Amino acid sequence: MMKFETVKSLILIILIGTSLLLTFGIWTYQPNDRELDNAELVNEVNIGGSEERRSTMIQPNTIIFHYYDQHLGFNDPASQHELFEELQTWEMDNFEVIDTEVDRDRENYEVELIFPEDIPMEMTPRLFSMEEESEDMPSWSFNQMYITFDQDAVALKATFLSIDGRRQAHAVMTNSEQYNELWSQISGRENLSEFIMMDEGDRPVYFPSDPVKMTHHSFSVTHIAPDMLVGALFPSPSIVNRSVSPNRNMGGSYYTDGVRELNVDQAGNTMEFYNPATTDYPRMSMSELMRISISNINDHWGWTGTYNLMEMDRAMNRISYQMYYNGYPVFNDFQMTDIVQEWRNQNLHRYDRPLFRLNNSLGSDEMEIMSGEVLYRELLDSKYNLANISDIRVGYELIYPETDLNDYVNLEPGWFMNYNGSWQEIQLKAEDSLIQGGN
């Protein structure tokens with residue numbers, strides 16, 4: 001009997017000991033699969049922005065109303081944005097594709113939408129209210145879209161023109177209220193003013209003829225902590241080391257896990273992320289590149305302001321988005337207003353972006369910039385080759401004042417052009433001022 005009690009005691013001691021060892025193991029266990037844990041961490045990163053969709057990131061640069069030989073555009077870009085948003089909801093039916101060698105005839109009354117980048121037809125069901133599936137769309141792209149008026153049927157016809165001009169796709173909008181709304185816009189010139197057509201290049205460039213009333217703004221800014229991006233961009237943030245950036249152009253902080261690297265400029269305004277990848281990679285379609293890029297930025301709530309698609313380079317799988325304010329594009333010589341990504345084999349290869357967002361207004365002044373009519377005359381007499389100008393826009397230049405404080409920026413109104421494929425402020429003769437007057 002005594003031996004039996006002894007055996008029970010030994011078994012109880014062993015069970016208690018085993019339980020303690022298992023409990024200790026659970027408390028101290030750390031899984032080897034760190035990337036799995038950090039994949040969940042990426043979804044939790046929020047740098048204070050918003051989420052977007054492909055349909056909201058693509059906006060036309062210009063909407064032009066052609067009225068016989070006159071060209072009209074919106075006085076306020078916000079009105080143009082509202083019309084395009086409304087147009088995206090109008091139902092398009094009777095879709096058909098036409099291959100033709102004949103140039104498209106311009107009608108007396110029509111609306112032209114000009115996009116900043118070539119849009120694949122497969123994306124039109126995502127941009128507009130169409131019953132067709134992406135797989136049913138033709139393989140070519142467009143950057144011009146026309147809406148014409150069928151007065152007999154009281155219907156609108158949308159025409160998508162291929163880049164080479166040899167193919168067209170048509171769809172019909174049969175809602176009479178939408179027809180009357182657009183007809184009232186073009187015939188009554190509501191919120192419209194005359195635009196100049198400059199046709200020295202491959203395709204016409206349109207910009208406002210009259211002086212443009214603009215507002216100079218000053219804003220306080222909120223900076224984004226680079227450590228937050230470390231959590232979003234590195235699979236194992238715990239092994240990332242921080243030091244002084246070896247990049248002389250940056251001169252700020254440098255983060256690396258031994259493979260990937262993140263450079264932050266000295267003022268903490270911009271970052272450059274680089275992930276080495278194979279040079280052998282397939283080209284991505286525009287639709288897929290936009291999808292994966294927007295999804296990646298959404299993962300850390302990275303749209304810290306209003307951004308629209310600016311351009312794409314399919315050879316490099318590169319996509320760029322530009323900052324906008326009140327409907328106007330915002331430019332900067334140091335790419336402080338651009339979000340740029342490159343992808344390799346479904347992996348993020350490069351990611352450059354600003355590390356600040358506009359906060360509270362510190363003041364504003366109204367002014368009037370040079371009229372497009374005067375600007376055109378000056379360009380004709382300038383050093384610029386007008387055939388190399390593919391677009392002219394009214395916009396803002398973002399300027400950081402040269403002070404020790406890094407807490408506010410100015411938005412300076414001006415004229416900007418896409419010259420030889422890159423945007424720059426239009427610089428005329430020294431005695432000519434782009435500012436005609438104001439406060």
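Couple of notes before you dig in:
- Criterion violated by Glu378 - all others in (1) in a helix (DSSP H, G or I); (2) of a type in the set (D, E, K, R); (3) surrounded by 15 or more Cβ atoms within 10 Å (Cβ to Cβ); (4) out of contact with any Lys or Arg (no Cβ under 8 Å at 6 or more places or on another chain) satisfied: (4)
- When Ser243 is tested against (1) without any contact (Cβ under 8 Å) to a residue 24 or more places away in the chain; (2) closer than 22 Å to Tyr321 by Cβ; (3) surrounded by fewer than 17 Cβ atoms within 10 Å (Cβ to Cβ), exactly one condition is not met: (2).
- Members of segment 339-374 that are in a strand (DSSP E or B) and of a type in the set (S, T, N, Q): Gln341, Asn347, Asn359, Asn360, Ser361, Ser364
- Residues satisfying the stated conditions in segment 192-226, i.e. under 26 Å from the mean Cα position of the chain (by Cα) and among the polar types (S, T, N, Q): Thr215, Ser218, Ser220, Thr222
- Qualifying residue in segment 289-303 (condition: at positive phi and in contact with a strand residue (DSSP E or B) (Cβ under 6 Å, 6 or more places away or on another chain)): no
- Boolean, Ile26 is at pLDDT 55 or above, over 30 Å from Lys213 (Cβ atoms), assigned to a helix (DSSP H, G or I) and not hydroxyl-bearing (Ser, Thr, Tyr): no
- The residue that is farthest from Asp99 (Cα to Cα), among those in segment 133-167 that are small (Gly, Ala, Ser) and surrounded by fewer than 19 Cβ atoms within 10 Å (Cβ to Cβ), is Ala153.
- If you go through segment 274-311 and keep only what is closer than 26 Å to Gly395 by Cα, of a type in the set (A, V, I, L, M, F, W, C) and assigned to a helix (DSSP H, G or I), you end up with Met290, Ile294, Ile297.
- As for segment 173-196, it holds no residue that is small (Gly, Ala, Ser) and either under 30 Å from Glu101 (Cα atoms) or surrounded by 16 or more Cβ atoms within 10 Å (Cβ to Cβ) (or both).
- Val330 in the same structural domain as Arg260 (by TED's automatic domain parsing), among the β-branched types (Val, Ile, Thr), in a strand (DSSP E or B) and within 25 Å of Met214 (Cα to Cα): yes
- Identification of strands (runs of 3 or more DSSP E) wholly contained in segment 41-155 with 3 or more residues that are at pLDDT 95 or above, touching an Asp or Glu at 6+ places or on another chain (Cβ under 6 Å) and not polar (S, T, N, Q) yields no element.
- Count of residues meeting criterion [within 22 Å of Glu261 (Cβ to Cβ) and assigned to a strand (DSSP E or B)] in segment 314-327: 3
- Any hit, segment 352-359, residues being surrounded by fewer than 17 Cβ atoms within 10 Å (Cβ to Cβ), of a type outside the set (Lys, Arg) and under 20 Å from His217 (Cα atoms): yes
- Top-ranked residue in segment 216-240 [being more than 17 Å from Gly268 (Cβ to Cβ) and among the polar types (S, T, N, Q); ranked as surrounded by the most Cβ atoms within 10 Å (Cβ to Cβ)]: Ser218
- Annotation: of all residues in segment 381-407 being among the aromatic types (Phe, Trp, Tyr) and not in a strand (DSSP E or B), the one that is nearest to the chain's Cα centre (by Cα) is Tyr400.
The values are calculated or read from the model by the stated rules, or taken from the named source; none is laboratory data. Because the structure is a prediction, the values reported are computed rather than measured. Because the Cβ atoms are built from the backbone with ideal geometry, glycine has one as well, and the counts that use them run over all protein chains shown.
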